[in-house]
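The structure appears right after this line, and notes come after that.
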Amino acid sequence: MASSIYFCLLRTVFLVCFVNPLIQGLSGDVNLVNDRRHQLGNNLTGLPIVTFDWHHVQTPYLVIIWVFVAGLAKLLVIELNHHVINVIPESGLLIMMGFILGGIVWGADKAQTFKLFPPTFFFYLLPQIILDASYFMPNKLFFSNLGSILIYAIFGTCWNASTVGLSLWGCYEAGVMGNLDIGLLQFLLFGSLIAAVDPVAVIAVFEEVHVNEVLFILVFGESLLNDGVTVVLYNVFDAFVALGGPRIDAVEISKGIFSFVVVAFGGSFLGIVFAILLSLLTRCTKHIQIIEAGFIFVVGYLAYLTADMLSLSAILSVTFCGICCQKYVNANMDEKSVTTVRHAMKVLANGSETMIFVFLGVTAIDTEIWVWNTGFILLTLLFVFIYRIIGVFLLTWMLNKFRLVPIEFIDQVVMSYGGLRGAVAYGLAAMLDQDKIPEKNLILSTTLIVVYFTVILQGITMKPLVQWLKVKRAAHSDLKLIEKVNNRAFDHILAAVEDICGRIGDNWWTRGWNRFEENYISWLLMKPKARKNRDYLFSIFHKLNLEDAVNYVSEGERQGSLAFIRSDEAANVDFKKQFGSEFTDVMPDIMVDMSNYELGIETFSVTSIIKDTIPSVSLDIHGQDRKNAMDDVNAHHLLQQHLYSSRKHHRHKYSRSHFGINQSENEVQEIFQRTMRSRLESFKTAKMGVSPAKKITKHHKKELTHKMANGHPDGTGHLYGDEVDSAVGSETGAIRGTFLRDTYTVGAGIENPVVFPDMDSSTHNSLPWLMETDAVAPSQRAQWHLPWTPNRLRRLAPMRISTYSTDSFLMADLEEHEEKPQTDHE
Amino acid sequence: MGSTSSTLLKIPNAEVLMQETGFSPAHIIRLHDRFKALDKEGRGYLCPQDFGAIKELAMNPIGDRIIGAFFSPGKETVDFSTFVKILAHFRPVDKDRPKEPNSPEPINSRSNKLKFAFQLYDQDKDGKISRDELLKVLRAMLGMQVTEEQLESIADRTIQEADLDRDEAISFEEFRKSLEKVNIDHKMSIRFLR
């Protein structure tokens, strides 16, 4: 609401105005009172009940006040963005807030007391942003595009640096800039610091412009990896400037090139070392789960500082630390710790980013640093812009010859326009030595102007540009229902065929690496329990079971009592037997929850009860729908809302401010559940009439490879394959065997090696999902849920009681399994 | 390249395949590698389980149908040439292909792409998409919150829009006509199969 904006504004202004005169006033009276003890010693006339001592808390107070003000600024900015047109990107607005705040401070102080000091920036504000970026980096996407990213990062940055530096020097020599005390080397130094695309700015602007994920990862990856080049170039030219022109010969230059290799690879290697350290740490922190989340931040920061200490690329170090550790850390840590880390990361990163932009604005309001040289500044802007475009198009043209999926024209335009400079450039400029580089202020001013130009102006125009370029192609007309349905169907078809073709990057190297990683690296870095849990499909089952358990209980409570929980004995798929020993210890939750329900073996079928109750439920909910005539609008609306989205429509998952399960993941789970169920059904229909084998083979506790439900090895293939990133453990599919084949062949000779000993024809009649669901038609949801509740729940959750409890084999199994939960339960 | 041609020789009927489908040698080789990767037991053909092993397909609402499309009616296996021919449907259309009046339509023509899509709907292969078949597809693609009645209503409306001869079913011609405005070339092509 508008009032809240004004309130925020008032608060901010009040705070700053209040604090500043206070500081000023107090700092002016340094002589009077220094600290409490002193005061007590000097002017004591009586016992002071309360004293006011500013200097005692000055430093931390100022820090906290600025953090607080930055937070308020962000709040203000977000409110503005909601109510005013969503035109200026957040980062731009924050910079402008910084201008205002800087103006206030300057007005009070006549000097800019709060600047963005390079050490503050590089030590306290930058590391967490990079850590956040790398921790949430979509690894598969990153590595599959790594080649292109490296080309852009290395050659692109070198190209930018050299061309900008040389062109400026050329113009200087041509006399356009008037008289400056600058030489070629200093121009090159300037070029190198202004050349780098900034990760903070890129995230900030691109997040609001939803581009496709490949484009995003290219720009973003480039912005992260070019730090290696930037650091090297900066240090090399800085040293050259110090050495002076004459002392530079081939040896020095080759040393410069060699230092690139050392810095870049050294930094990355150091990051990987710290990632290994971190993974090993989290592997052992079972007993200090309460603080294991903190280790991520501590070790990440250590990686940064260590690399900086050794003059290696600190950003690369943190980047690779985050990238490499994410998988193992997430697997090893307790779920709550994982959540804590994710939330805390976002808080820190967002906070730092806000502070950086605000301070970038504040720093501008300082008369001391501004040196205006029209030629220099305008030419810099021009060259930075033009050479970025040329560089991107040139490199893309070369890359497209090798890439499987070429980068389109519009993507190239966005990429070149998205070459934003940010605080890193400013930090490097501020670190220049005034003595060696007399024109430091000019460089600083120019850098600031370039940063403002790219972040604000290019940020503002980025979204309209993207929309304009895309809209030019597609003609928007109202689609008919059939077109909509078919469009979506085509999306799904394409996604499926892409998966069948193996998509990009699925080749021998990827598979080889995955095998190596599964067998050796995971063994070293992941907790054994977590390794077993890697099966993606299993984790979905786990989640679904939990969901069903919750639904089931809440439904039962609504019914008034849980008396009808007792189900019949048709536990055909004994989940526990299949996953049994390996998984009981990782599913303690379900074990514990279900232990409250003494599930006896009773013979009456509950399904009739459920079926009676559900229809009334559905009638209530959907009654009015039946009454309303379904007209066109409704149909379109329904389609819009409920059509499953295909992979194309899923947003790219990296975002600064949002993370976690979004709609698409729920949909995916739903689709998966249905597919599995339909496969299971078709398998079961095939199984009907085949006499069950009487033998129950003992379920061995082996590794999760090639295990059939009852220890019966089957060579006819597996349901869940070991595609790209699924683990070896993925072959413990719930349903194995030939059922898929059954779906597609009619009456061909089917062999059913998978044995479900409990199955015999009498029980089929009571299987709810195999029964004809006619008569009352419950809502689809209820229908689907039906099998998942009483009977199914037993099936899929590792119940301690199996149906044939009199079977000695099973009893033996039971004993063993029951032991495990106690020992492993955390 | 030398390695390409030698690898190409190992693939049966490579020449014929390239001719029929229009794939380049590099693509044939890549697809062959993929075929071998899917065919884990090295039998030289694929069965439904091999497709089922692709985890992402389980998360596609019509994944199982698409798997079915690879298998000709009655056959349980897919050999390499069938595999390639079906995938050829998804090649981007060659815009600059000379129009020879006598040569058969290329597999990736607009019409053939549509036929492939039509087959996905028309499971009983009677040349028409009946109301039931449409219902099944819609059911697969819509979330579980949609009730049966709503579903039937959507199906009815959809058939109404497309059905010109009022026979409560959509024939291939009607299907094609209803998708006139849709850019099939774009929607049913995979870039990296060019």
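Extension gain for the segment residue A:239 to residue A:44, taken as residue separation times 0.36 nm less the Cα-Cα distance, is 64.5 nm to one decimal. Which log10 I(q)/I(0) values, to two decimals, does the range B:104-184 give at q = 0.11 Å⁻¹ under the Debye formula with one point per Cα? Debye curve over Cα of the range B:104-184, log10 I(q)/I(0) at q = 0.11 Å⁻¹: -0.31.
Is the range B:12-89 best put as rounded, prolate or oblate by its Cα gyration tensor, with a ≥ b ≥ c the root eigenvalues, rounded for a/c under 1.5, and otherwise prolate when a/b is larger than b/c, oblate when not? Prolate, since a/c reaches 1.5 and a/b exceeds b/c. Among the listed pairs A:480/B:187; A:527/B:36; A:255/A:440; A:336/A:527, those with a Cα-Cα distance over 22 Å are A:527/B:36; A:255/A:440. Magnitude of the charge dipole for the range B:12-89, about its Cα centre and with charges confined to Cβ atoms of Lys, Arg (+1) and Asp, Glu (-1), is about 100 debye.
Counted residue by residue at 0.36 nm each, then reduced by the alpha carbon distance between them, the extension gain from residue A:257 to residue A:381 reaches 41.9 nm. Rolling a 1.4 Å probe over the heavy atoms of the protein chains gives the range A:260-342 an accessible area of 43 Å² per residue.
Taking A:247, A:677 and ordering them by how much accessible surface each has at a 1.4 Å probe, largest first, produces A:247, A:677.
Ordered from highest to lowest accessible area with the whole protein assembly present and a 1.4 Å probe, B:148, B:15 read as B:15, B:148. A Förster radius of 51 Å combined with the Cβ-Cβ distance from residue B:76 to residue A:468 puts the calculated FRET efficiency at roughly 0.45. Annotation for the range A:48-112: chymotrypsin sites (Phe, Trp or Tyr not before Pro) lying in DSSP loop with at most 16 further Cβ atoms inside 10 Å of their Cβ are A:52. Accessible-area loss of 40 Å² or more (1.4 Å probe, protein heavy atoms, chain alone versus all protein chains) is found in the range A:484-498 for A:485, A:486, A:487, A:490, A:492, A:493, A:494, A:496, A:497.
Each Lys and Arg Cβ is given +1 and each Asp and Glu Cβ -1; about its Cα centre, the range B:104-184 then shows a dipole of about 500 debye.
Counting Lys and Arg as +1 and Asp and Glu as -1, what is the net charge of the other residues whose Cβ lies under 14 Å from the Cβ of residue A:172? It works out to a net charge of -3. Label separation (residue A:58 vs residue A:83): 3.9 nm, computed from points 7 Å beyond Cα along the C-beta direction. In loop segments of the range A:349-429 as defined by DSSP, the chymotrypsin sites (Phe, Trp or Tyr not before Pro) with at most 12 further C-beta atoms inside 10 Å of their C-beta are A:372, A:402.
Here the range A:118-469 exposes an accessible surface that is 71 percent carbon and sulfur, computed with a 1.4 Å probe and the other protein chains kept in place.
Measuring how big chain B is from its alpha-carbon positions, Rg and Dmax come out at 18.9, 62 Å. Work out the FRET efficiency for residue A:173 and residue A:68 from their Cβ-Cβ distance, taking R0 = 51 Å, and round it to the nearest 0.05. With R0 = 51 Å, the Cβ-Cβ based efficiency is 0.55. Residue separation of residue A:208 and residue A:433 scaled by 0.36 nm, minus their Cα-Cα distance, works out to 77.3 nm of gained length. Spin-label model, residue A:678/residue B:33: points 7 Å from Cα along the beta carbon direction are separated by 3.3 nm.
When a 1.4 Å probe is rolled over the protein heavy atoms, the share of accessible surface on the range B:12-89 that falls to carbon and sulfur comes to 51 percent. Buried accessible surface for the B/A pair, both sides summed and rounded to the nearest 100, is 7000 Å² with a 1.4 Å probe.
Taking 31 Å as the cut-off for C-alpha to C-alpha distance, list the pairs among B:55/B:125; A:327/B:85; A:140/B:177; A:346/A:529; A:484/B:125; B:55/B:113 that go past it. Over 31 Å apart, Cα to Cα: A:327/B:85; A:140/B:177.
Averaging the Cα positions of each part gives two centres, and for the range A:217-253 and the range B:1-76 these lie 48 Å apart.
Global size of the range A:118-469: 20.3, 69 Å for Rg and Dmax (C-alpha atoms, Rg to one decimal, Dmax whole).
Label sites at residue A:408 and residue A:520, each approximated as a point 7 angstrom past Cα along Cα to Cβ, lie 4.2 nm apart.
The values are calculated or read from the model by the stated rules, or taken from the named source; none is laboratory data. Just so it is clear, the model here is predicted, and its values are computed rather than measured. With ideal geometry, Cβ positions are generated from the backbone for all residues, glycine too; neighbour counts draw on all protein chains shown. Calculation scope for accessible area: heavy atoms of the full protein, side chains included, ligands and nucleic acids excluded. Shrake-Rupley method; radii C 1.70, N 1.55, O 1.52, S 1.80 Å.
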